[in-house]
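The values are calculated or read from the model by the stated rules, or taken from the named source; none is laboratory data. Note that the coordinates shown come from a computational prediction; the quantities given were computed from them, not determined experimentally. Quick reminder, even Gly has a Cβ in these numbers, built from the backbone with ideal geometry, and neighbours come from all protein chains shown. When the accessible area is computed, the model is the full protein with side chains, heavy atoms only, and any ligands, DNA or RNA have been set aside. Shrake-Rupley method; radii C 1.70, N 1.55, O 1.52, S 1.80 Å.
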Amino acid sequence: MTDVIDSSYNSYLTAFTETPDSNISADWLEPVREDARRAFSRIGFPTRREEDWRYFSVSPIVETPFKRATEGPGTLDRAALAPYSLEGGIGTQLVFVNGAYDASLSTIGELPTGVTLTTLAKAIAEQPELVKQHLAQTAKFDNHAFVALNTAAMGDGVFFHIARNVVFETPIHLLFVSQAGAEATVSHPRNLFIADENSQATLIESYVGVGENVYFTNAVTEVVLGANAVIDHYKVQRESATAFHVATMELTLGRTANFTSHAVTLGGSASRSDVNAFLGAEGIVCTLNCVYYGNDRQVIDNHTSIDHAFPHCDSHEIYKGILDGKSRGVFNGKIFVREDAQKTDAKQTNQTLLLSDDAQINTKPQLEIFADDVKCTHGATVGQLSDEALFYLRTRGIPVADARNLLTYAFASDIVSRIKVDALRTQIDRLLLAQNDLEGVS
């Protein structure tokens, strides 16, 4: 922040960098927190004068007097969790309420030897060397205010480690629930996923809200893949209509690793998602896909950055947006191909469907290529529903509103159909059908 730091910013600084979660504690962690506090104090919140934040105003977040949530485990029951749970379909589900782990709502199935699934707080206490090796190493906070804020005020989250040559086929659901109270609250979930050489696993992150009052989720997830590791990752953002959601996922991928992520963004008054991948060896495949649906005055901002640092790596991105009402979408995708990263194959696509005259998309695909033997493409399309397709459906007896909704659902389902977890795909299908008033249409 280059202008004068006002009293609301100072209050924010004091409230959240000087009162970290007491459960996340270790002697070696305190210098990291202090460095993050200093970074946050130095750089401040971004303003719209900065190119990466040009279309996303953080003023409502800065000006809201958020307090750390004090009500956590024990405040919800399984019935309240049912609309968001995947427990019946996958068997392993960790639940966090207002940033605190709730064992009574969680179910951990049988874990094979070599798989550690626990809270970050417990991992810091029981496996300090492994956590120290990776925590805050991938997600750098020197120039990112929200990562610095998360690191300084770090809350509990998930620690997942899968050892060399272990394949864990059962999907793991990580459910973060914010229960809005009378006051505006904030949580800072911090997740660390480590997959060693030749390992394989499936992870699902869900962020949801209960209640109608204002809250803020500021999440950071660090992912480290060893050589030939395979991770299928999913993220579902279903925050409440008045919530703010800012999330950063940082990826460091080893030789011939394969990381695939499918994201679905439906909720939040304003949400920002940054995904940054460093392809730090040869033969890596990185896939980032997303479908987002905005309505009313929602703001949905997606930023991706893929750094091709070595030869023979592939990256693929498809981001599809549906915007209605007066909602605004942002897509900024950067692909860097360094001088030595020959034989790179990088594809990036952003497609946006505007359902109203007042909806708006700002899209900026970027390529920076310093190698000469590469295949790199990028493109962005913005359009409305096809009149010909609407006419075709209407001639088959389908009312115009249902025809519009069917075509909208078909646009989104291209991403949803790629979800391999049956229980999750069914849940997202139902959400999209409800979003488009199609539950009674066959």
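Tabulated values for the structure
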| quantity | calculated |
| --- | --- |
| Some residue of segment 258-272 being open to solvent by 10 Å² or more (accessible area, probe 1.4 Å) and either among the charged types (D, E, K, R) or on the phi > 0 side of the Ramachandran plot (or both) | no |
| Residue among GLU51, GLU63 that is in contact (Cβ under 8 Å) with a residue 12 or more places away in the chain, open to solvent by 70 Å² or more (accessible area, probe 1.4 Å) and either charged (D, E, K, R) or in contact with a His (Cβ under 7 Å, 6 or more places away or on another chain) (or both) | GLU63 |
| Hits in segment 375-407 (condition: in a loop (DSSP other than H, G, I, E, B) and either touching a residue at least 40 places away in the same chain (Cβ under 8 Å) or open to solvent by 40 Å² or more (accessible area, probe 1.4 Å) (or both)) | GLN384, SER386, ARG396, GLY397, ILE398, PRO399 |
| All strands (runs of 3 or more DSSP E) inside segment 212-305 with 1 or more residues being among the basic types (Lys, Arg) and closer than 22 Å to VAL416 by Cβ | 230-238 |
| Complete set of residues in segment 282-306 that are surrounded by 20 or more Cβ atoms within 10 Å (Cβ to Cβ) and under 22 Å from ASN228 (Cα atoms) | ILE284, CYS286, LEU288, ASN289, ILE306 |
| Qualifying positions in segment 340-353 - open to solvent by 50 Å² or more (accessible area, probe 1.4 Å) and either modelled with pLDDT under 95 or part of a strand (DSSP E or B) (or both) | ASP340, LYS347, GLN351 |
| Residue in segment 354-366 that is farther than 30 Å from VAL285 by Cα, surrounded by 15 or more Cβ atoms within 10 Å (Cβ to Cβ) and of a type in the set (Gly, Ala, Ser) present | yes |
| Any hit, segment 75-83, residues being open to solvent by 50 Å² or more (accessible area, probe 1.4 Å) and outside any loop (DSSP other than H, G, I, E, B) | yes |
| Inter-residue pairs, beta-carbon under 9 Å, first free of Cβ contacts under 8 Å to residues at least 24 places away in the same chain and in segment 408-426, second surrounded by 19 or more Cβ atoms within 10 Å (Cβ to Cβ) and not in a helix (DSSP H, G or I), 6+ apart | SER413/VAL291; ARG425/ILE419 |
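A quick yes/no check of all residues on (1) within 15 Å of the chain's Cα centre (by Cα); (2) without any contact (Cβ under 8 Å) to a residue 40 or more places away in the chain; (3) surrounded by fewer than 20 Cβ atoms within 10 Å (Cβ to Cβ):
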position	(1), (2), (3)
GLU205	yes, yes, no
PHE216	yes, no, no
VAL224	no, no, no
TYR234	yes, no, no
GLU239	yes, no, no
HIS245	yes, yes, no
